[in-house]
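Participant: Structure provided below as structure tokens; questions to follow.
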Amino acid sequence: MIAYDQVSSGSPLKLFYQSDLVRKLVAEIVGEGDLFDNEDPYQPANYVCHRDGDESSWHFDSDNSFTMTLMIQPANPGGQFQMSPNTRSLPEQNYGHVSDVLGGKRDDTVVSVGRERGALCIKGCDSLHRVTPVQGDKLRIMGVFVYEFSPGVLGDPEVNATIYGPRVSEATPRQTQPGLKLFNESHLN
Ligand SMILES: O=C(O)CCC(=O)C(=O)O
Ligand SMILES: [Fe+2]
């Protein structure tokens with residue numbers, strides 16, 4: 001993960017994220033009203049890089065949110081984005097079906113979503129998904145963007161510590177004053 005504070009201000013990743021045009025376009029697609037930039041120091045727009053052998057295992061993204069990714073450089077080969085659409089339908093968790101997908105018993109429901117360079121993906125939180133292992137020397141580089149439905153939202157410091165490691169956990173006070181800020185759950189799954 002290359003966190004927001006590590007990306008230079010003139011970077012295309014930040015210009016894209018901060019663009020009113022992009023924010024409005026995404027708000028129209030999502031259809032839940034206005035969107036706001038996340039105000040966390042680390043989370044708003046990140047690069048996620050997968051090297052040879054790296055993968056992301058099956059997971060759901062956090063509830064009540066959407067996730068937006070932009071393929072910057074696909075791997076070759078591997079690094080396929082796979083999903084089993086609508087594995088759950090909250091509040092129904094559909095554990096039986098989830099278990100079958102995880103156990104490889106419902107591969108018939110799994111689709112590979114082609115991600116060419118420049119492909120933007122906006123998805124909800126009900127579909128199990130993963131990234132298959134990257135093979136070879138070509139780095140898989142994905143941009144991940146976090147927009148919010150209300151202003152002033154920060155990331156959860158504990159989640160940030162897990163995602164970004166000691167650099168962040170050592171810089172973040174363990175106790176935060178309740179009620180001052182809204183924390184999202186992690187969108188950066
Ligand atoms: O890198 C990807 O293709 C998807 C990563 C992911 O888990 C997500 O977009 O929620
Ligand atoms: Fe995810």
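The values are calculated or read from the model by the stated rules, or taken from the named source; none is laboratory data. Everything quoted here is computed from the prediction, not taken from an experiment. What goes into the accessible areas is simple: the full protein's heavy atoms, side chains included, and nothing from ligands, DNA or RNA. Shrake-Rupley method; radii C 1.70, N 1.55, O 1.52, S 1.80 Å.
Participant: Calculate log10 I(q)/I(0) of region 2-109 for q = 0.17, 0.19 Å⁻¹, where I(q) comes from the Debye formula with a single equal point scatterer on each Cα and nothing for solvent.
Facilitator: With one equal scatterer per Cα and no solvent, log10 I(q)/I(0) is -1.08, -1.21.
Participant: Can you give me the accessible area per residue for region 42-145, using a 1.4 Å probe, in Å²? Each step should come with its number before you reach the end.
Facilitator: Numbers: 5120 Å² over 104 residues.
Accessible area per residue: 49 Å².
Participant: With a 1.4 Å probe and all protein chains left in place, how much of the accessible area of region 108-169 comes from carbon and sulfur atoms, in whole percent?
Facilitator: Numbers: 1520 of 2850 Å².
Accessible surface attributable to carbon and sulfur in region 108-169 totals 53 percent.
Participant: Would you mind telling me the share, in percent, of accessible area of region 1-74 contributed by carbon and sulfur at probe 1.4 angstrom?
Facilitator: Working: 1950 of 3870 Å².
Accessible surface attributable to carbon and sulfur in region 1-74 totals 50 percent.
Participant: Apply the a/c threshold of 1.5 to the C-alpha gyration tensor of the chain and tell me whether it is rounded, prolate or oblate.
Facilitator: rounded
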